[in-house]
Every structure is written in C-alpha cells, then in structure tokens.
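In what follows, a single structure is set out as structure tokens and then discussed.
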Amino acid sequence: MKTINKLLRINKKKPGAVKKEAPKRKGQQKGDAKGAGVKPAHRPETSVAAPMTIKDLLKPSPTFQETPQNGRVRLFIEKLRLCCVMFDWPKDGNHSQTDSRGIEIKRQLLLELVDFVGKSKAVFSEHVVVEIMKMVRLNLFRNLPPKVHKDMIDPEEEEPVFEAAWPHLQIVYEFFLRFIVSGDLDVRLMRKFIKIKFVNNLLGLFDSEDPRERDYLKTILHRIYAKFMMLRAFIRKSINTTFYNFIYETERHNGVAELLEILGSIINGFALPLKEEHKQFFKTALIPMHKVKPLHVFHRQLSYCVTQFVDKDHTLATDAIIGLLKYWPVLNSSKELLFLNELE
C-alpha cells in the first residue's frame with residue numbers, strides 16, 4: 001500500500017487546456033439539426049454503454065484537475081469504463097508495442113482513480129457504484145494460473161510466486177479497499193452489490209500463490225465482514241468449508257494463514273457464552289488442522305485462534321490438549337516443537 005502512495009505522488013500530469021462546451025441556442029431541442037455537430041465533452045451517463053476497446057484507451061483523456069467540478073463524476077465513470085479494457089500477460093513478459101502503451105496508460109488511469117476515490121466526497125450514487133463494481137469484477141475475478149509449487153510454501157523461507165498482472169491488480173485492489181472503507185459509502189446501497197456470489201469470488205482468490213494478493217484479500221474481506229452484518233454468518237461458514245476441504249481432502253490451499261488471521265479477529269469478537277456451532281468448529285476444524293503436513297506454514301495463526309477460543313471458554317482447553325496428543329507428530333521433531341510451544 002505504501003507503493004501505491006508513492007506511485008500517486010509521482011503520477012502528476014501537466015495540466016492541459018479545458019475544452020468549453022458550446023452554449024445551447026435559445027429554444028434548441030435535443031436532436032435539432034443545429035446541434036448535430038456539437039459533441040459532448042464526455043460520453044453520456046447511460047446504464048448501457050458499449051465496451052471500451054484499446055483504441056479508446058489510447059486516446060488522450062483529461063485529468064481530474066483540468067476538468068470542472070461538475071464534470072468530474074462523469075469523467076470518473078469514463079475512466080472506470082476505460083479500465084475495463086483487459087490485457088493478456090504472457091509468461092515471457094513480451095507485449096506488442098500497442099499493448100505496452102495500453103498497459104501503461106491503464107496503470108496511470110487506475111492511479112488517477114485511486115487518488116480521486118480517496119479525496120472526493122459523496123460521489124457514490126447507485127449509477128457510479130454500478131460502474132465501480134463492474135470494473136472491480138472484470139479486473140479481479142479471474143481463473144488463477146496453474147500452480148508453480150507442488151506443495152504449500154512459506155513465503156519467508158522460499159521464493160514466492162508473483163502474479164504477472166500485478167502492476168494492474170495491485171492498484172485495483174488499493175482502489176477497491178479505499179472505496180470499501182470510505183465513510184461516504186452507503187451500506188444499504190452496497191447490499192445490492194456485495195452479495196454471496198461476490199464474497200465467494202473473493203474467497204476463491206485466496207488460493208493465489210502471490211502473497212501480496214492474499215494480503216489485500218485478507219484486509220478487504222475483513223472490512224466486508226465488519227461492514228455487512230448480514231454476510232457474517234455466510235463468511236464464517238465459507239471459511240469453515242474451506243478449512244474442511246483443506247484438512248480432509250486436499251491439504252493444499254495457499255490462503256489458510258490469511259483466512260486464520262481473519263478468523264482470529266472474528267473469534268476475538270465472539271459474545272459469551274460461546275455458541276455451540278463455534279465450539280463445534282473448534283473441535284472439528286481447528287484441532288484436526290494440526291495433523292496436516294504443511295502445518296509450519298500457518299501454525300502461528302492457528303495457535304492464536306486456539307488460544308482465543310480457550311481464553312473465552314476454559315473448558316475447551318481439555319479438547320485442545322487431547323487433540324494435540326491425538327495428532328502428536330512422533331517422527332517429526334520440528335513439528336513436535338511447534339506442538340510443545342502451543343501447549344505452553
């Protein structure tokens with residue numbers, strides 16, 4: 001996120017001349033022949049707009065600074081639509097000259113959007129939110145590339161895999177994070193857009209091998225959990241399902257550590273006495289998670305969650321100790337050390 005702030009500081013364009021709209025003639029009506037040659041400064045705000053192409057992206061676009069205040073929301077929507085132009089990211093990093101220009105222009109536009117959404121007030125009408133969510137979905141929700149590493153890795157110990165499209169993804173994530181935490185955001189309006197399908201798509205991205213992406217996802221999902229109470233039960237259930245699949249089927253998911261961090265914060269807010277469903281999750285998911293092979297990748301976060309549960313209900317200490325003894329790694333000294341530290 002510090003990188004984004006640095007990019008915003010250097011992303012200054014020279015101001016250009018502002019084109020003035022031709023004044024309307026008295027009595028002129030929409031569609032009059034006299035006004036046929038007058039083009040609007042920006043594309044009209046319509047609910048259905050033709051998809052932008054790379055040709056549109058390569059055309060000069062005015063900055064917010066050189067645009068009158070009453071035209072900035074319209075320009076904001078136009079830039080959002082331009083950022084819906086997508087690019088392929090080949091493994092060798094070689095792009096055509098046109099694509100290279102388009103990629104850099106889109107990056108600059110995204111930085112402008114980040115800056116605008118952080119400074120502007122009360123611009124999030126339903127029409128604007130529709131365009132924002134469309135841009136976010138198109139850029140973020142995608143099929144993850146094939147796994148490079150066969151097993152889960154600890155990014156602090158092994159070389160992590162970085163997403164080729166990160167020059168754009170990072171800025172889209174930063175934009176969406178600033179949008180979702182904005183004090184001007186109408187939560188009742190956002191309920192039309194932040195639904196179960198959207199959360200499911202976010203959760204699917206947690207399996208990304210890029211730790212930078214998972215870090216953004218962790219922060220965004222946590223903010224959504226805090227703001228949208230009607231989604232809390234579903235988010236908890238979805239995290240639980242992910243853990244069950246990980247423990248009993250795959251033993252492979254790159255986002256377990258990040259999901260446990262979110263869960264640790266959620267557990268901290270549980271009211272007392274603990275609900276039976278929460279105790280059941282502790283016994284059937286958190287404790288059995290100690291048996292998986294890649295425990296070292298997320299043990300710190302798992303241990304914190306277990307401790308949080310025991311602090312809230314001391315009777316769970318018995319289940320924790322019995323469970324650790326059940327899954328004790330007799331032939332793995334490094335894993336034994338982790339268990340001993342947790343018991344302490």
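Some observations on this one:
- Residue check, Lys134 closer than 27 Å to Lys195 by Cβ, open to solvent by 50 Å² or more (accessible area, probe 1.4 Å) and at pLDDT 95 or above: yes
- Lone unmet requirement of (1) at pLDDT below 95; (2) under 26 Å from the mean Cα position of the chain (by Cα); (3) open to solvent by less than 50 Å² (accessible area, probe 1.4 Å) for Gly269: (3)
- Residues in segment 161-191 that are in contact (Cβ under 8 Å) with a residue 40 or more places away in the chain and basic (Lys, Arg): Arg178 only.
- Taking segment 108-131 as the range and being touching a residue at least 40 places away in the same chain (Cβ under 8 Å), within 13 Å of Phe179 (Cα to Cα) and open to solvent by 80 Å² or more (accessible area, probe 1.4 Å) as the test, the residues that pass are Lys121, Ala122.
- Restricting attention to segment 90-119, the residues that are closer than 23 Å to Ile132 by Cβ and not charged (D, E, K, R) total 12.
- Filtered residues of segment 286-307 (kept if buried (at least 19 other Cβ atoms within 10 Å of the Cβ) and assigned to a helix (DSSP H, G or I)): Leu286, Met289, His290, Leu295, Val297, His299, Leu302, Ser303, Cys305, Val306
The values are calculated or read from the model by the stated rules, or taken from the named source; none is laboratory data. Values in this document were obtained by computation on a predicted structure and should not be read as measured data. Quick reminder, even Gly has a Cβ in these numbers, built from the backbone with ideal geometry, and neighbours come from all protein chains shown. Areas reflect the complete protein model, heavy atoms only, side chains present, ligands, DNA and RNA absent. Shrake-Rupley method; radii C 1.70, N 1.55, O 1.52, S 1.80 Å.
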